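Scroll down for the structure; my scribbles are underneath it.
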Amino acid sequence: GWFASPGARLKVNKSGCEKQGSAKMFNFPDGFLRLRPSTADIMIHVANPSPHSVILDPCAGIGTIPLRSSIKSHYSLGGELSESLFSQFVPQFIECHKKSNKSSRVADLLGWDATILPLRDSFVDVIISDIPFGQKCLSTNLLSVFLPSLLYQCARVLVPNGKMVLLCGNFETLLNALDNLNNRSRYLSEKHAGREDDGGRSGSDLEGMESVFELPCDSVFPANIGGLVAWVIVVRRGKMTPIPPTNYRRSAKRAMVNRVNGEKAKELRRQ
């Protein structure tokens, strides 16, 4: 079996990965980016969720991770922002789930913004996701803006000691974002509690404090996906309450307003 450790290396073949003992899962147009079922299975195995866990994929794309995890008897929830993905692949997702549904398994694919998840706090047991790499999906600058809000939402909906398995293009960027969320939440929590100091804490002091995500993380290892070098990061949720990024509410409100205005503009053009 696959073993998750700092020295482990995953390799996913470029051809034939869509077939999992049955016919091809989805029909894709040429050049379409998607996560292969074999990669999703590996990430689910690394996460090792307990039976009947609630699994979340905030950046689900066409829903490969929710579908594959539901086959393994978990409740799976995924979401994606792109309307074109829903119109193209949700019918195929439903049909594929029906064909593979041999027992009571549930998978839902919803439309949402991953930086404004419509879920209550401490709702999911495990998060497994293939997040944007900052190459073909989002630029490096947009990714640096996207990650703080995404990680805040993941921390908010994940139960304490819950596990998060992320596939990313650059592990240093993701680890820095996790560390920044920890440091910001610690600082503002102490400030609100009236314990603000001069910031001259030693490393031993920081190690003894609670954190949003436990760092160092459980493991970081490379994954060769069809010739593309990616990284899998496994990290656990700590006990500290996360603090939203600067101007988070304003940015979230602006995103919602822009989306509504965009939908209204499309309707007017159709008329």
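The values are calculated or read from the model by the stated rules, or taken from the named source; none is laboratory data. Keep in mind it's a predicted model, so treat the numbers as computed, not measured. Every residue, glycine as well, gets a Cβ built from its backbone with ideal geometry; the counts of neighbours run over all protein chains shown. Remember, those area values only see protein heavy atoms, side chains included, never the ligands or the DNA or RNA. Shrake-Rupley method; radii C 1.70, N 1.55, O 1.52, S 1.80 Å.
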How do the peptides 38-45, 60-67 rank, highest first, by the average count of neighbouring beta carbon atoms within 10 Å per residue?
60-67, 38-45
Report the net charge of residues surrounding Cys217, where surrounding means a beta-carbon distance below 14 angstrom and charges are Lys +1, Arg +1, Asp -1, Glu -1.
-1
Inter-probe distance in nm under a simple model that places probes 7 Å from Cα toward Cβ, at Trp112 and Val145:
2.2 nm
For the full complex of protein chains and a 1.4 angstrom probe, list Tyr152, Tyr187, Tyr75 by accessible area with the highest value first.
Tyr187, Tyr75, Tyr152
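Counting other Cβ atoms within 10 Å, keep those with at most 16, restrict to DSSP loop, and tell me which GluC sites (Glu not before Pro) in the stretch 114-196 are left.
Qualifying residues, ordered by number: Glu196.
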HN-Hα couplings for the stretch 261-268 via Karplus (6.51, -1.76, 1.60; θ = phi - 60°), in whole Hz with x for Gly/Pro, come out as 5, x, 5, 5, 5, 5, 5, 5
Accessible area, probe 1.4 Å, largest first, for residues Lys239, Lys191, Lys163
Lys239, Lys191, Lys163
